[in-house]
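These notes concern the structure reproduced below.
The values are calculated or read from the model by the stated rules, or taken from the named source; none is laboratory data. In this text the structure is predicted, and so the values were computed from the model without any measurement. Quick reminder, even Gly has a Cβ in these numbers, built from the backbone with ideal geometry, and neighbours come from all protein chains shown. The area values use the complete protein model at the heavy-atom level, side chains included, leaving out ligands, DNA and RNA. Shrake-Rupley method; radii C 1.70, N 1.55, O 1.52, S 1.80 Å.
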Amino acid sequence: MSYDPAVIAPIPQATALYGPRFQRDPAELYREMRRDHGPVAPVLLEGGVPAWLLLGYREIRYVTTNPELFSRISVHWHSWHLVPDDWSLRPYAEAQHCSIHTEAAEHRLRAPALHEALAGVDQFELANQVEAIADRLIDEFAGRGTADLIAEYTHRIPLLALAKLYGLPDSDAPALVHDVAASADEGEEAVKAHGRIVARMARLVREKCERPGADLPSRVLAHPIGLSEEEIATDLFMTMGAGQLTTADWMGNTLRLMLTDERFAVTLSGGRRSVGQAPTQNFIGRWAKNDTQLAGRHIRKGDLLVLGLAAANSDPQVRPESGDSTGNEAYMSFSHGEHGCPYPAQEIARTITRVGIEVLLDRLPDIVLAVEPDALEWRSSVWMRGLTTLPVEFTPAYVARY
Ligand code: HEM
């Protein structure tokens, strides 16, 4: 599909990126927006907060590879006054004191401490740890013959694996799993849970200063750039947030595909591919540091640009509408450029997802969906596409592995 920048209306009609219409069929809405506005569309975020949605693959690549012009930090935003205190998107937008939220030159200098520490993760050891975690979780429900794979499996594995990478004792894991889940809700308990995780990360960094180990925090601490303890604690907190739900939903979406789509079921027994529907939909974001032009749009200094990762994955400029592939359709799901998901982190996500799926299929080979595929529901979220539940059935006899 092509568009003519000259015919784009100068005062655009913004589309709400929330509400029933968006939740029902986001892909259809992206198609309409692309047709009406081209690859850069005006949108309203929850609460009527204005932004631009980048629907084009090329536009996202351009914006994410020009951090001097499009900052990762929200201090440039001219619309903070429109944002209510209890805005649920605040955690995604607010700048944090850490190496991830730094301007381009500083990010280049400071981010390698975290990125190199992630690269130091031994993928074989991680695979062994995930296998043990997965086995333990399956033991809890295998005897029943039924399970909700989201609550009992996919949403627990990544955090337990990350706790291992962080060198946290096993005894800390249950409280962490509880707090991370609670912090994603709304209200007072969420704020308290968030505070407890931040405090635990600060304590962890202190402990690793005193007794370094073969773990991620110790490697960041040992990096010659010398990040402060506070920065490291916030980086660890943000990394946990970046890795938990994304990987959990990736595993959940892949399992859904395998249990509902015959084309994937065929490869399931043989290849056991771990590529499914990537969860990332939209991502806040980038802020324009100066007035500029993008795909025929006038972007003002301080405008917010939301990365439309899911829309870009199906951009007809790079993917024909008729495309009927069972391969990796997640070109843009990890974003792009120097703030994109670090490559070693992508590998970690892949290992966790692959091993989690392999162990499940190995232990419960006759697993099937316990409801009609149409009964599966997606969580209402503008950022991530993930299931609320994934009820399955299997023969309980397969419990007797140990
Ligand atoms: C399926 C799994 C995952 C997906 C889809 C995903 C996706 C993303 C996306 C979209 C970004 C933002 C990029 C941007 O601002 O342009 C990001 C950043 C990041 N992700 Fe991931 N991620 C995943 C798993 C993980 C895991 C497992 C970890 C760590 C163990 C991780 C660590 C990070 C970090 C540290 C950043 C910030 C990079 C920076 O700004 O320097 N991610 N990820």
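Applying the criterion of being under 17 Å from Leu176 (Cβ atoms) and β-branched (Val, Ile, Thr) to the residues of the range 194-236, the residue that is surrounded by the fewest Cβ atoms within 10 Å (Cβ to Cβ) is Val198.
Out of curiosity, is Arg144 open to solvent by 40 Å² or more (accessible area, probe 1.4 Å) and assigned to a helix (DSSP H, G or I)? No, not satisfied. Considering the conditions (1) closer than 23 Å to Met332 by Cβ; (2) open to solvent by 40 Å² or more (accessible area, probe 1.4 Å); (3) more than 12 Å from the ligand (Cβ to nearest atom), Arg61 is excluded by exactly one of them, (3).
Checking each residue in the range 90-104 for being under 20 Å from Tyr18 (Cα atoms), open to solvent by 10 Å² or more (accessible area, probe 1.4 Å) and in contact with a strand residue (DSSP E or B) (Cβ under 9 Å, 6 or more places away or on another chain) picks out only Tyr92. Tell me yes or no: at least one residue of the range 30-45 is basic (Lys, Arg) and under 21 Å from the mean Cα position of the chain (by Cα). So far as the range 30-45 goes, no, none of its residues is basic (Lys, Arg) and under 21 Å from the mean Cα position of the chain (by Cα).
When Trp80 is tested against the conditions (1) under 30 Å from His194 (Cα atoms); (2) in contact (Cβ under 8 Å) with a residue 40 or more places away in the chain; (3) away from the ligand (no atom under 16 Å from the Cβ); (4) of a type outside the set (D, E, K, R), the lone failure is (2).
Taken as a whole, the range 123-131 holds no residue that is touching a His at 6+ places or on another chain (Cβ under 6 Å), within 12 Å of the ligand (Cβ to nearest atom), open to solvent by less than 10 Å² (accessible area, probe 1.4 Å) and in a helix (DSSP H, G or I).
Of the residues making up the range 339-365, those that are open to solvent by 60 Å² or more (accessible area, probe 1.4 Å) and either of a type in the set (A, V, I, L, M) or in a loop (DSSP other than H, G, I, E, B) (or both) number 1. Report yes if some residue within the range 380-393 is outside any loop (DSSP other than H, G, I, E, B), of a type outside the set (A, V, I, L, M) and crowded, with 17+ Cβ neighbours inside 10 Å; otherwise report no. Checked against the condition, which is being outside any loop (DSSP other than H, G, I, E, B), of a type outside the set (A, V, I, L, M) and crowded, with 17+ Cβ neighbours inside 10 Å, the range 380-393 yields no hits at all.
Restricted to the range 316-357, and to residues there that are within 22 Å of Phe70 (Cβ to Cβ) and modelled with pLDDT under 90, the residue that is farthest from the chain's Cα centre (by Cα) is Gln317. Against the numbered list (1) touching a helix residue (DSSP H, G or I) at 6+ places or on another chain (Cβ under 9 Å); (2) crowded, with 18+ Cβ neighbours inside 10 Å; (3) among the aromatic types (Phe, Trp, Tyr), Trp52 comes up short only at (1).
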